[in-house]
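The values are calculated or read from the model by the stated rules, or taken from the named source; none is laboratory data. Source: prediction; values computed, not measured. Here Cβ is always computed from backbone atoms with ideal geometry, including for glycine, and neighbour counts include all displayed protein chains.
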């Protein structure tokens, strides 16, 4: 399973950076490749509410028309088979870098309609969300609630939500490692998107019906 780890931490020795490293090591120990991206190294601005309706091309073409580093990272999201999103916490919410990225990602992916043959790039793929707070795990819980809502909107399979703080750092780093080592070894059936499974079932039914007609 190719896993994308997206985190935001301007401090290379910070808690969120340590969580990202624990996640990376867990993925590697689970015998899967990991790609790690720090949002603070990229230029990803907030949603610009393009067009007169505020949607721009994110709803019509599912592509953001604001040109920056978002496009390349969006492509990487599509190619990944699993995800880890790790944010620092401010005022009980995900930090501004993570919010800017996830807001734009949600606008592009949550607006796809299955009835029209479209499907979110994250549909059915497992994801772990981590909130790293410098204050307390209680503050991290609020941020996890917001991350959980985004995962629900883009139809990812939320594997785990993990709060971390300076007080819980040591054992939560182990938890993150073990969660990712477990996630990358999910049975293939659990990794398949709901739409893919539905199409497989429809093809099986059509094949069965054709065989019955021949008889």
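Return the only residue of 123, 180 being modelled with pLDDT of 90 or more and closer than 30 Å to residue 59 by Cα.
Details: 180 fails: closer than 30 Å to residue 59 by Cα.
Of the residues listed, the single one that is modelled with pLDDT of 90 or more and closer than 30 Å to residue 59 by Cα is 123.
Would you tally the residues in the stretch 123-145 being in a loop (DSSP other than H, G, I, E, B) and more than 30 Å from residue 112 (Cα to Cα)?
Total meeting the criteria: 3.
When the stretch 122-140 is examined, which residues are found to be farther than 18 Å from residue 152 by Cα and out of contact with any strand residue (DSSP E or B) (no Cβ under 6 Å at 6 or more places or on another chain)?
134, 135, 138
Please verify whether the stretch 86-96 includes one or more residues that are modelled with pLDDT of 95 or more, in contact with a helix residue (DSSP H, G or I) (Cβ under 9 Å, 6 or more places away or on another chain) and assigned to a helix (DSSP H, G or I).
No, there is no match, as no residue in the stretch 86-96 is modelled with pLDDT of 95 or more, in contact with a helix residue (DSSP H, G or I) (Cβ under 9 Å, 6 or more places away or on another chain) and assigned to a helix (DSSP H, G or I).
Among the residues of the stretch 86-97, write down those that are surrounded by 19 or more Cβ atoms within 10 Å (Cβ to Cβ) and either without any contact (Cβ under 8 Å) to a residue 40 or more places away in the chain or within 11 Å of the chain's Cα centre (by Cα) (or both).
The answer is 86, and nothing else.
Could you list all residues from the stretch 153-170 that are under 22 Å from residue 185 (Cα atoms) and either free of Cβ contacts under 8 Å to residues at least 12 places away in the same chain or in a loop (DSSP other than H, G, I, E, B) (or both)?
Across the stretch 153-170, the qualifying residues are 155, 156.
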